[in-house]
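Novice: Can you keep this structure in mind? I'll have questions shortly.
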Amino acid sequence: QVQLVESGGGLVQPGGSLELTCAARGIIFSDYTMAWYRQVPGKQRELVAAIGPVGFFTYADSVKGRFTISRDNARNMVYLQMNSLKPDDTAVYHCHARHNEIAYWGQGTQVTVSS
């Protein structure tokens, strides 16, 4: 059974930092492009950052220079370090795994940026 389990969300003040973690189970992790998406009520889910099996990166323009995605293939983990957080970063953050036509989603973790 495939599972993507996110953790690390929470409430943080503007300018603060959080690190999200996604643990992947049931897949050959090193074959998959891993990504973080976020969604707020009433809006489409948007790509935040992605990392390919051999380190290809992409980031949404809104998070470039503030967020860093990384992966540990030995531990089947993907991370999202979020710095200089803004209220607009408030959302549910979902982990995503994709390999060719196969894709999986995690349940999500809430990130709230507020004073």
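Novice: Looking only at segment 97-115, filter to residues that are of a type outside the set (Asp, Glu) and loosely packed, with under 12 Cβ neighbours inside 10 Å; which one of those is farthest from Gln39 (Cα to Cα)?
Specialist: Asn100
Novice: Considering only strands (runs of 3 or more DSSP E) fully contained in segment 10-91, which possess at least 3 residues that are under 10 Å from the mean Cα position of the chain (by Cα) and over 15 Å from Thr112 (Cβ atoms)?
Specialist: 18-25, 33-39, 46-51, 67-72, 77-82
Novice: Could you run through segment 92-115 and say how many residues are polar (S, T, N, Q) and under 13 Å from the mean Cα position of the chain (by Cα)?
Specialist: Of the residues in that region, 3 qualify.
Novice: Under 8 Å between Cβ atoms, at least 6 apart or on separate chains: pull out the pairs that start in segment 36-53 with a residue that is in contact (Cβ under 8 Å) with a residue 60 or more places away in the chain and end on any residue that is small (Gly, Ala, Ser).
Specialist: Cβ pairs passing all conditions: Trp36/Ala49; Trp36/Ala50; Arg38/Ala91; Gln39/Ala91; Gln39/Gly108.
Novice: Let me ask something additional. Being modelled with pLDDT of 95 or more, out of contact with any Cys (no Cβ under 8 Å at 6 or more places or on another chain) and surrounded by 15 or more Cβ atoms within 10 Å (Cβ to Cβ) narrows it down to one residue among Ala91, Ala24, Ala74; which is it? Steps first, please.
Specialist: Details: Ala24 fails: out of contact with any Cys (no Cβ under 8 Å at 6 or more places or on another chain); Ala74 fails: surrounded by 15 or more Cβ atoms within 10 Å (Cβ to Cβ).
It is Ala91.
The values are calculated or read from the model by the stated rules, or taken from the named source; none is laboratory data. All of these numbers come straight from a predicted model, not from anything done at the bench. Neighbour counts are summed over all protein chains in view; Cβ atoms, including those assigned to glycine, are modelled from backbone coordinates with ideal geometry.
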